[in-house]
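No value in this document is a laboratory result; all are computed from the given coordinates. Remember, predicted model here, so these are calculated numbers, not experimental data. Don't worry about glycine lacking a Cβ; one is built from the backbone with ideal geometry, like all the others, and counts go over all protein chains shown.
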Amino acid sequence: MSVEASTQQTQQVKSHNPLLLNIDVSKKVRGGFDESLVEELPSTTRARFERHGVDLSKGYPEKPPSDQIPLYVDDAFKIRDKPQEYIPRGKFADRSKKALFSKAKEFKHLTKYIGTEIVGVQLSDLNEQELDELALLIAERVVVFFKDQDLSPQKQLELGAFFGNVEIHPQFQHVPGLPGTSVIWDAHFKKNGFKKTFKTAKTGTSNWHADLTHELQPPSVTHLHLDAIPSIGGDTNWSSGYAAYDKLSPAFQKFLEGKVVTQKSMHGYLDRNDPLGGPKHVIREQPIIRTNPITGWKSLFVSNGASNLDIQVRFNWHSDTGSNLGTSALWDNRIGQHNATWDYEDEDRHGTRVSSLAEIPYFDPNSKSQRESLGL
Ligand SMILES: [Fe+2]
């Protein structure tokens with residue numbers, strides 16, 4: 001293909017999807033380090049990285065090398081199309097979670113159906129038994145929060161490996177030297193053409209969604225650690241798929257059970273046989289009603305949905321003590337959607353996310369709903 005034709009292809013693709021802006025005329029997605037943004041790192045992020053020996057000398061963030069980023073959708077599909085072993089953390093944990101709760105100063109359930117905050121514990125201090133109990137708590141409460149955490153990205157990765165197989169994204173940016181620590185950073189999104197404004201705030205992650213639902217084995221525990229938090233706002237919302245299932249009429253529940261839903265990747269790739277046809281996504285069918293292997297409860301497994309306020313929690317990431325440390329949210333991505341509130345205009349927000357891949361989604365017709373199981 002001539003350079004001219006290739007440029008045409010690039011422009012054609014760009015017009016379909018701003019996330020593909022990085023495709024260049026050599027038909028590669030640009031990988032490697034970003035050298036232009038390292039000086040713009042928020043001060044609290046930089047302090048975290050310096051405390052924990054992250055090497056920023058080559059730039060920040062890092063992407064996989066250009067020649068390893070798949071351009072074509074068939075190559076992207078092949079990255080993880082063989083089942084991997086998954087250890088269901090929390091399945092055999094002590095239901096009372098004595099070890100975890102006795103280590104904490106306090107734990108607060110934030111709403112009836114979703115969200116618990118644990119106070120006075122460093123995630124980095126939890127042993128295997130306590131982490132196992134935490135996995136159970138996350139599976140029951142959908143999302144669990146820890147404020148004032150001094151957490152290195154290396155330790156975050158280690159925790160992720162305990163909960164499942166850490167997802168390494170084929171093209172997403174990560175902390176230098178630490179594939180699997182996805183960088184969620186507004187300044188970087190902006191530089192790559194994904195600019196939000198007050199008028200367009202309901203785009204990207206500011207919509208109800210679950211992460212990586214197109215994977216053969218989508219994530220269970222997903223851990224976002226924010227180390228730079230806007231001075232006001234920037235809350236995230238989560239909703240419960242268990243409770244969403246319990247909201248449905250019995251007839252509709254029956255109708256949906258055993259049916260599948262099509263889930264597609266956020267990132268687009270090209271069709272080898274039709275490269276000018278616009279971006280194609282990795283697509284897989286998943287059960288629309290799914291059984292959580294840890295609790296055994298049924299949930300509605302959809303992305304891009306909405307839900308009632310009574311089955312949501314809205315969380316503000318700010319420290320309550322005025323510390324400059326970060327806040328962690330760990331959610332069970334199998335049973336919850338989330339939606340990031342974009343209300344902070346020109347302020348920056350930065351975090352690292354580690355996603356732990358779990359089982360191949362399934363529906364067990366003998367499983368119960370949450371309300372049925374708890375007698376509600
Ligand atoms: Fe997300």
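A straight Cα-to-Cα reach below 17 Å connects Lys195 with the lysines Lys14, residues fewer than 8 places away in its own chain not being considered.
Peptides 198-210, 331-343 ordered by packing proxy, namely the average of other Cβ atoms within 10 Å per residue, highest first: 331-343, 198-210. Could you list, in their original order, any pairs among Lys264/Lys298; Lys112/Lys254; Lys91/Lys196; Lys63/Lys91; Lys91/Lys147; Lys98/Lys298 whose Cα atoms are separated by more than 29 Å? Those over the limit are Lys91/Lys196; Lys63/Lys91. Under 20 Å from a label point 7 Å along Cα→Cβ of Asp125: give me every residue in region 141-164 with its amide N that close. Within reach of a label on Asp125, which here means backbone N under 20 Å from a point 7 Å along Cα→Cβ, region 141-164 contributes 144-160.
Just rank Phe163, Phe145, Phe49, fewest to most, by other beta-carbon atoms within 10 angstrom.
The most exposed by this proxy come first: Phe49, Phe145, Phe163.
When the C-alpha to C-alpha distance is required to be over 30 Å, the pairs from Lys58/Lys155; Lys155/Lys280; Lys191/Lys259 that qualify are Lys155/Lys280; Lys191/Lys259.
Here the calculated FRET efficiency for Asn324 and Gln154, from their Cβ-Cβ distance with R0 = 30 Å, stands at 0.95, rounded to the nearest 0.05. Taking the convex hull of the alpha carbon positions in the chain and averaging its projected area over all directions gives 19.0 nm².
Ranked for footprinting exposure by Cβ neighbours inside 10 Å, fewest first, Phe101, Phe92 give Phe92, Phe101.
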